[in-house]
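Reading through the structure tokens given below for one structure.
The values are calculated or read from the model by the stated rules, or taken from the named source; none is laboratory data. In this text, all values refer to a predicted model and were calculated from it rather than measured experimentally. As a convention, Cβ positions derive from the backbone with ideal geometry for all residues, glycine included, and neighbour counts pool all protein chains shown. The protein model used for the area step is the full one, side chains on, heavy atoms only, and it has no ligands, DNA or RNA in it. Shrake-Rupley method; radii C 1.70, N 1.55, O 1.52, S 1.80 Å.
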Amino acid sequence: MAESFYGVITMDGPAGVGKSTLARRLASELGIAYLDTGAMYRTLGLRLGAGAADLDEERLRARCRAYRFSLESCSEGGTPQLFCNGELVGAEIRTERAGRLASLVARLPVLREELQRSQRALGEGSSLVAEGRDMGTKVFPLARHKFFLDARPEVRAQRRYLELEAKGTLNGATMEDILRGIEERDAQDRGRAVDPLRPAADAVIVDTSDLDLDGVLQIILHAVRAKGNIEKEKSASTVCARACAAFSMAARDGLLSKEGAAALESAREDGLAAARAVAARHGISGDVRLTCRVDGDSLVADAVTENGPLAGTLVLAAVQTALASLADFLFEGADICASLDRGRCGN
Ligand code: DC
């Protein structure tokens with residue numbers, strides 16, 4: 001029996017709606033990983049500090065790239081946890097200060113780009129529940145399952161109040177204070193210039209105002225199961241495309257340099273953006289995986305997606321755009337040949 005493969009399940013929504021608890025429970029019910037992207041913003045907020053906002057683009061990018069995120073199990077078969085540079089991301093990020101710094105750095109486009117890139121890498125080819133503000137709209141626009149949780153601000157404030165009261169950490173805050181805080185964060189998240197909080201057009205919107213946690217979880221589980229999972233064995237019905245371009249030895253040296261590696265990565269991103277644009281234009285979903293590499297004296301881009309309407313167009317758009325973007329970097333105007341394969345993908 002094939003292991004269940006759900007792909008990426010996105011879970012977005014405003015502060016205090018209960019996303020984290022739900023996303024964690026959903027991941028555990030389905031036996032897949034949970035990716036808390038707020039924790040990534042909190043970690044960089046704490047590590048880079050408020051000064052991050054004063055760095056120029058290049059220095060900020062370099063500082064962000066010094067932190068590598070991974071999902072690793074602490075014990076054999078255990079639930080994967082978020083690590084940063086090999087260290088477990090722990091309770092230190094759950095403070096008010098970390099939340100404020102996260103919110104500050106989350107407005108910086110370069111930092112967002114860098115975190116989004118590592119979020120996509122973590123989701124690539126795996127099943128996970130990705131929780132945040134821009135998962136369905138920006139990071140995983142082709143995710144198979146998308147959810148947006150919402151609830152009236154008063155309900156969210158009351159839940160937060162009861163939670164803090166139970167933990168004994170109200171610190172004199174009244175319900176009105178908490179409601180004001182929630183409304184301020186809503187305005188900040190929804191009004192942000194980059195990647196504002198909003199539901200993806202194809203997200204299932206769940207209003208949790210009058211539901212308890214189990215009620216919401218049942219709705220989501222039902223929706224995921226109704227759509228079915230993608231069994232790994234079904235890779236036999238994937239659609240693959242490969243594009244190749246030959247180049248000179250000089251170009252090869254360039255590609256193996258640091259700039260070359262960055263050009264390969266940005267070509268890969270261009271390719272995925274092209275595939276996503278095609279998907280968005282035609283209102284279809286389906287994730288595309290894309291790799292770009294140097295193989296001998298050739299550039300090879302491989303794209304894979306599930307079989308389905310326009311699958312061929314999607315993967316071809318991905319590989320052709322990726323190689324065209326690299327050909328620009330090489331200044332050689334290399335000829336690109338692309339081919340499509342409906343069936344099992346070779347290496
Ligand atoms: O969900 P949280 O409170 O841990 O998120 C911390 C901050 O990070 C919050 O201000 C919103 C921001 N964030 C974001 O901009 N995009 C995400 N995908 C996740 C969080």
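I'm trying to understand the selection: among the residues of the stretch 96-130, which are touching a Gly at 6+ places or on another chain (Cβ under 7 Å) and within 12 Å of the ligand (Cβ to nearest atom)?
Once the filter is applied, which keeps residues that are touching a Gly at 6+ places or on another chain (Cβ under 7 Å) and within 12 Å of the ligand (Cβ to nearest atom), the stretch 96-130 yields Ala98, Leu101, Ala102, Leu104, Val105, Ala130.
Among the residues of the stretch 203-214, write down those that are open to solvent by 20 Å² or more (accessible area, probe 1.4 Å) and over 22 Å from the mean Cα position of the chain (by Cα).
Correct list: Asp207, Asp210, Leu211, Asp212, Leu213, Asp214.
How about the stretch 36-56: which of its residues are charged (D, E, K, R) and either closer than 20 Å to Leu122 by Cβ or within 13 Å of the ligand (Cβ to nearest atom) (or both)?
Within the stretch 36-56, Asp36, Arg42, Arg47 qualify.
Starting from residues that are of a type in the set (Lys, Arg) and touching a helix residue (DSSP H, G or I) at 6+ places or on another chain (Cβ under 9 Å), keep the ones in the stretch 233-255 and report whichever is modelled with the lowest pLDDT.
If we take residues in the stretch 233-255 being of a type in the set (Lys, Arg) and touching a helix residue (DSSP H, G or I) at 6+ places or on another chain (Cβ under 9 Å), then Arg252 is modelled with the lowest pLDDT.
For a quick check of your reading of the model, give me the residue pairs whose first member lies in the stretch 195-214 and is assigned to a loop (DSSP other than H, G, I, E, B), whose second is away from the ligand (no atom under 16 Å from the Cβ), with beta-carbon atoms closer than 6 Å and at least 6 apart or on different chains.
Filtered contacts from the stretch 195-214: Pro199/Ile205; Thr208/Val216; Ser209/Arg152; Ser209/Val155.
Check whether at least one residue in the stretch 92-108 is within 22 Å of Leu26 (Cβ to Cβ), more than 12 Å from the chain's Cα centre (by Cα) and basic (Lys, Arg), and report yes or no.
There is at least one residue in the stretch 92-108 that is within 22 Å of Leu26 (Cβ to Cβ), more than 12 Å from the chain's Cα centre (by Cα) and basic (Lys, Arg).
Among Ala157, Ala66, Ala91, which is without any contact (Cβ under 8 Å) to a residue 24 or more places away in the chain, away from the ligand (no atom under 12 Å from the Cβ) and within 24 Å of Asp189 (Cα to Cα)?
The unique qualifying residue is Ala91.
Considering only the stretch 1-65, give the helices (runs of 4 or more DSSP H) lying wholly within it that have at least 3 residues that are open to solvent by less than 40 Å² (accessible area, probe 1.4 Å).
It comes to 19-30, 37-48.
Using the structure shown, decide if Arg180 is over 30 Å from Gly31 (Cβ atoms), surrounded by fewer than 18 Cβ atoms within 10 Å (Cβ to Cβ) and modelled with pLDDT of 85 or more.
Considered against the rule, which asks whether it is over 30 Å from Gly31 (Cβ atoms), surrounded by fewer than 18 Cβ atoms within 10 Å (Cβ to Cβ) and modelled with pLDDT of 85 or more, Arg180 comes out as yes.
Looking at Glu92, Glu72, Glu76, can you tell me which residue is assigned to a helix (DSSP H, G or I), open to solvent by 60 Å² or more (accessible area, probe 1.4 Å) and of a type in the set (Asp, Glu)?
Glu92 is the lone residue from the list that is assigned to a helix (DSSP H, G or I), open to solvent by 60 Å² or more (accessible area, probe 1.4 Å) and of a type in the set (Asp, Glu).
With respect to Ala187, is the statement that it is open to solvent by 40 Å² or more (accessible area, probe 1.4 Å), without any contact (Cβ under 8 Å) to a residue 40 or more places away in the chain and among the small types (Gly, Ala, Ser) true? Steps first, answer last, please.
Values: open to solvent by 40 Å² or more (accessible area, probe 1.4 Å): yes; without any contact (Cβ under 8 Å) to a residue 40 or more places away in the chain: yes; among the small types (Gly, Ala, Ser): yes.
Taking the combined requirement at face value, the residue satisfies it.
Are there any pairs, at least 6 apart or on different chains, whose C-beta atoms fall under 9 Å, with the first in the stretch 105-120 and under 24 Å from Val288 (Cα atoms) and charged (D, E, K, R) and the second within 11 Å of the ligand (Cβ to nearest atom) and in a helix (DSSP H, G or I), and if so, which?
Qualifying pairs under 9 Å: Arg112/Tyr41; Arg112/Val105; Arg112/Lys138; Glu114/Leu44; Arg120/Val139.
Mind counting the residues in the stretch 95-106 that are assigned to a helix (DSSP H, G or I) and either farther than 22 Å from Lys167 by Cβ or in contact with a Ser or Thr (Cβ under 7 Å, 6 or more places away or on another chain) (or both)? Give the derivation first.
From the stretch 95-106, those assigned to a helix (DSSP H, G or I) are 96-105; that's our starting set.
Next cut, either farther than 22 Å from Lys167 by Cβ or in contact with a Ser or Thr (Cβ under 7 Å, 6 or more places away or on another chain) (or both) only: 104-105.
Residues that pass the stated criteria total 2.
When the residues of the stretch 131-148 are filtered to those that are open to solvent by less than 10 Å² (accessible area, probe 1.4 Å) and assigned to a helix (DSSP H, G or I), which remaining residue is farthest from the ligand (Cβ to nearest atom)?
Here the answer is Gly136.
Assess whether Leu82 counts as being outside the structural domain of Ala143 (by TED's automatic domain parsing), at pLDDT 90 or above, within 12 Å of the ligand (Cβ to nearest atom) and outside any helix (DSSP H, G or I).
For Leu82, the condition - outside the structural domain of Ala143 (by TED's automatic domain parsing), at pLDDT 90 or above, within 12 Å of the ligand (Cβ to nearest atom) and outside any helix (DSSP H, G or I) - is met.
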